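Just so it is clear, none of the values below were taken in a lab; they were calculated from the coordinates. From a predicted model like this one, the values you see are computed outputs, not experimental measurements. Quick reminder, even Gly has a Cβ in these numbers, built from the backbone with ideal geometry, and neighbours come from all protein chains shown.
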Protein chains: 2
Amino acid sequence: AGDAAAGKSKSAVCASCHGQNGVSQVPIYPNLAGQKEQYLASALKAYKAGERNGGQSALMKPQAANLSDQDIADLAAYFSSLPAGGK
Amino acid sequence: AGDAAAGKSKSAVCASCHGQNGVSQVPIYPNLAGQKEQYLASALKAYKAGERNGGQSALMKPQAANLSDQDIADLAAYFSSLPAGGK
């Protein structure tokens, strides 16, 4: 299972686009704060596997390629734990 | 541009999985409430184009295939307008 505290320690590169609070500053980047943990892990796995194309996948596939399954679980737990909407 | 009121009128099929308030009851389905409008439109276009695979794409590709560009814009405007976290 994912460890949100471990995820936080791995989240700096994510936060540069998706926001420190998981709410993106850029309209084309999705908010992650309060998103479903299972969905976040599924999305990262699909990027890592090269299955998820279109959209901003040219940015996300190389990021996800660097992540282990544990990294993915930890990051999903962390961003899911943040309050939706950044409040 | 998307019309949130028109999007609401087209959202019943979405709400059956993603929740009436845009917060899913099912952990693998992402919340849509308060998500970035541009991101939601981009995601639906990637499903419609068959670019977005993996995850729950087997469910979403046939749904998106039925949507016009205006439908996509309207639905993105509607779900983006809902309060994040369903509050």
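So here's what we get for this one:
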read-out: Conditions (1) crowded, with 20+ Cβ neighbours inside 10 Å; (2) at positive phi; (3) not acidic (Asp, Glu): number failed by residue B:18; value: (2)
read-out: Condition check for residue B:35: among the polar types (S, T, N, Q), more than 11 Å from the chain's Cα centre (by Cα) and not in a helix (DSSP H, G or I); value: no
read-out: Flag for residue B:6 being within 10 Å of another protein chain (Cβ to nearest Cβ), assigned to a helix (DSSP H, G or I) and of a type in the set (A, V, I, L, M, F, W, C); value: no
read-out: Residue list for the range B:21-30, restricted to those being more than 7 Å from chain A (Cβ to nearest Cβ) and surrounded by fewer than 17 Cβ atoms within 10 Å (Cβ to Cβ); value: B:21, B:25, B:26
read-out: Residue pairs meeting the criteria (Cβ under 8 Å; at least 6 apart or on separate chains; first on the phi > 0 side of the Ramachandran plot, in the range A:33-54; second part of a loop (DSSP other than H, G, I, E, B) and surrounded by 19 or more Cβ atoms within 10 Å (Cβ to Cβ)); value: A:34/A:22; A:34/A:82; A:34/B:31
read-out: Hits in the range A:43-62 - residues which are surrounded by fewer than 17 Cβ atoms within 10 Å (Cβ to Cβ) and over 23 Å from residue B:32 (Cβ atoms); value: A:49, A:50, A:58, A:62
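Here is a yes/no grid of residues against (1) more than 11 Å from every other protein chain (Cβ to nearest Cβ); (2) among the aromatic types (Phe, Trp, Tyr); (3) touching a Leu at 6+ places or on another chain (Cβ under 6 Å):
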residue	(1), (2), (3)
A:32	no, no, no
A:35	no, no, no
A:55	no, no, no
A:65	yes, no, no
A:73	yes, no, no
A:79	yes, yes, yes
A:84	no, no, no
